[in-house]
1. Of the residues A:Ala86, A:Ala176, A:Ala129, only one is at the interface with another protein chain (Cβ under 7 Å from one of its Cβ atoms), in a helix (DSSP H, G or I) and over 30 Å from B:Pro278 (Cα atoms); which?
2. I need the full set of residues from segment B:164-183 which are over 23 Å from A:Met34 (Cβ atoms) and modelled with pLDDT of 95 or more, in order please.
3. If the Cβ limit is 6 Å and pairs must be 6+ apart or interchain, which residue in segment A:70-81 that is buried (at least 18 other Cβ atoms within 10 Å of the Cβ) pairs with which residue that is hydroxyl-bearing (Ser, Thr, Tyr) and in a helix (DSSP H, G or I)?
4. Out of segment A:59-69, which residues are free of Cβ contacts under 8 Å to residues at least 24 places away in the same chain and either closer than 16 Å to A:Ile207 by Cα or among the polar types (S, T, N, Q) (or both)?
5. Mind checking which residues of segment A:230-244 are at the interface with chain B (Cβ under 9 Å from one of its Cβ atoms) and within 30 Å of B:Cys281 (Cα to Cα)?
6. From the residues in segment B:95-106 that are surrounded by 17 or more Cβ atoms within 10 Å (Cβ to Cβ) and of a type outside the set (S, T, N, Q), which one is nearest to B:Asn126 (Cα to Cα)?
7. Got a number for residues in segment A:89-126 being under 23 Å from the mean Cα position of the chain (by Cα) and either among the polar types (S, T, N, Q) or not in a helix (DSSP H, G or I) (or both)?
8. Which of the residues belonging to segment A:226-244 are touching a residue at least 60 places away in the same chain (Cβ under 8 Å), assigned to a loop (DSSP other than H, G, I, E, B) and more than 17 Å from B:Leu253 (Cβ to Cβ)?
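The values are calculated or read from the model by the stated rules, or taken from the named source; none is laboratory data. Only a predicted model underlies this, so the values are computations on that prediction, with no experimental measurement involved. So basically every Cβ, Gly included, is an ideal-geometry build from the backbone, and we count neighbours across all protein chains shown.
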Amino acid sequence: MADPRTIDIKDQPGFRSIAILCLCVLYVPILILMIFSFNTGSLVTHWEGVGFGWYGSALLNEEFHRAAQNTLIISTSATIISTIVATLAAIGMTRVKPWRGLPAAFMVINLPLMVPEIITAVATLSFFALIAGAFGLNFGIGNLILAHTVFCIPFAYMPIRARLEDMDLTLEAAAADLYATPWHAFRRITLPLLVPGIMSGAALAFIVSFDDFTITQLVAGPGQTTLPLYIWNQIRRPMTPEINAISTILLLVSILFVSVSFLIARRRAK
Amino acid sequence: MSITLSKAAMFEAQAEKATSWRNRLLALPALVIIGIFGVLPLLIIFVYSFLQAAPYGGVQWKFSTDAYLNFLFQRDIFDDTLQFTPDFLIIYLRSFLYAVVTTVICLLLGFPTAYFMATRPPAQRNWWVLLITIPFWSNLLVRTLAIMFIIRDEGLINNALMGLGLIEKPITMLYTNFAIQLGLLYSFLPFMILPLYSSLEKLDFRLVEAANDLYATRRQVLWRVIIPLSLPGIIAGCLLVFIPALGAYVTPLILGGGIHLMIGDLIAQQFGSGRNWPLGCAQALILMAAVLVALYFYVRNTSGKIQHG
């Protein structure tokens, strides 16, 4: 795709260098962190040799197992619940005649995105403390699943809604004309077309839940350590490259899910 | 014939109305979940902020405005008078300053980047978007940790400088204001680039050509055509950086080391070692008020423009 003209009138001087600078700024620290996870020495910053030893000691670590297990339980549950309710909400808010409560409903769905995380964190903590004190209710790890579901909903909602809005409405109308019941039309026409949106939404919900630190740290009870909390506990001890290894695993999970979500969305655009 | 037609139309309208109503109910589960576990907790901290602190964390159900008074004043132990103590206010103003500086620098770096991305051929553009999207969604704690490794006393920068013999002892960067500022910039740069890009991507570049044909210089095209047209994206990007930067928690926690606080750690502290939940709630609500002011300006500035296209 070489441009025959050497100077494009759209180009602005210096913008290319700034773009490349930004890319370096964003990636160099992450790459350094990843590279040091393969260090054989026991210092986080002093290089001794290439090895996978720290991955081994991370993966054999009992605490790491428990944290990984908690994380998976919480993120999977929050992803499933939030994706289901977000799909329903997206249909309920696009396939309707506009009504007065719609903007308010939209605001409620997006609320978790507008409130700074630390406020959500202390509010959720206060809420669970209150229901534990007043009614003796404590859902254990369910507390975290509920807290995560709340902020996962808008992330799952966005791609699903975008997909519904892009969809060709004449297909649904055609199904209705051919005497399909609304349920049939949904099941056979809308849902299959919606699947990429749902997958993309679920992937985003999973990442935000998997990576959450702030809300989890304040809401988590004893024994509810997740992977980000595990990393935080490690930071406060003398650090070994094991922390780099675990961080790298977390980054790779994020990269995997972002790429999946991104590729699904790209295919839609074609 | 005409009667049956109109009847059919009526039935159809009724059926449509019924579906529309039923569809509205589909939004209910999501709204109920966010309502109970998202909105209700915010109301609870509003109530809590007017209660008294219990000695071991939590609240006592006695009305009190102490939390808000304590935000600005401290009661003298001897004569019970209120004395103005600006400690919290200073942390709020400092956080505001951090957030403003972060927003401005992110904009200065992010705008050229987003513009450069938007002017690439489509295939290249996708790669750029993916490359910026990955850090956007990557674990903030891990990314902050990556910065920490680089700027520590025995970190990469100091090791390199000492290795080259430029300095004799490490320059202290970690646990300084500089560290927090750097961390915020690093954390939120993708939050600026992506909304800017989605706005610039839709820009009609024929307008740039037209301006060029009319003998506008590159600089004039930038300031008189491109920037005004991408203003909604600029405002959205600034807000997406400013709000999380103002309420940042992870960045100052790790890079400030508990010495240099921002609003986020201050609030969390009241729920931990501070054991003053009402004060923490009041501080959270004051932060929320600042965010609402920012959002209000955003809505007021964009609602008109979105309708025009």
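1. Answer to the check: A:Ala86.
2. Taking segment B:164-183 first, the residues over 23 Å from A:Met34 (Cβ atoms) are B:164-172, B:175-178, B:180-181.
Answer for segment B:164-183, where residues must be over 23 Å from A:Met34 (Cβ atoms) and modelled with pLDDT of 95 or more: B:Ile180, B:Gln181.
3. Note: pairs meeting the criteria are A:Ser75/A:Ser209; A:Ala78/A:Thr149; A:Ala78/A:Ser209; A:Ile81/A:Thr149.
4. First, the residues of segment A:59-69 that are free of Cβ contacts under 8 Å to residues at least 24 places away in the same chain: A:59-60, A:62, A:65, A:69.
Selection gives A:Gln69 alone.
5. A:Ile231, A:Trp232, A:Ile235
6. In the first step, residues of segment B:95-106 are kept if they are surrounded by 17 or more Cβ atoms within 10 Å (Cβ to Cβ); the result is B:95, B:98-99, B:102-103, B:105-106.
Remaining after also requiring of a type outside the set (S, T, N, Q): B:98-99, B:105-106.
On the way: B:Tyr98: 32, B:Ala99: 30, B:Ile105: 25, B:Cys106: 21 Å.
The qualifying residue nearest to B:Asn126 (Cα to Cα) is B:Cys106.
7. Selection size over segment A:89-126: 5.
8. If the condition is that a residue be touching a residue at least 60 places away in the same chain (Cβ under 8 Å), assigned to a loop (DSSP other than H, G, I, E, B) and more than 17 Å from B:Leu253 (Cβ to Cβ), then A:Thr240, A:Pro241 are the ones that fit.
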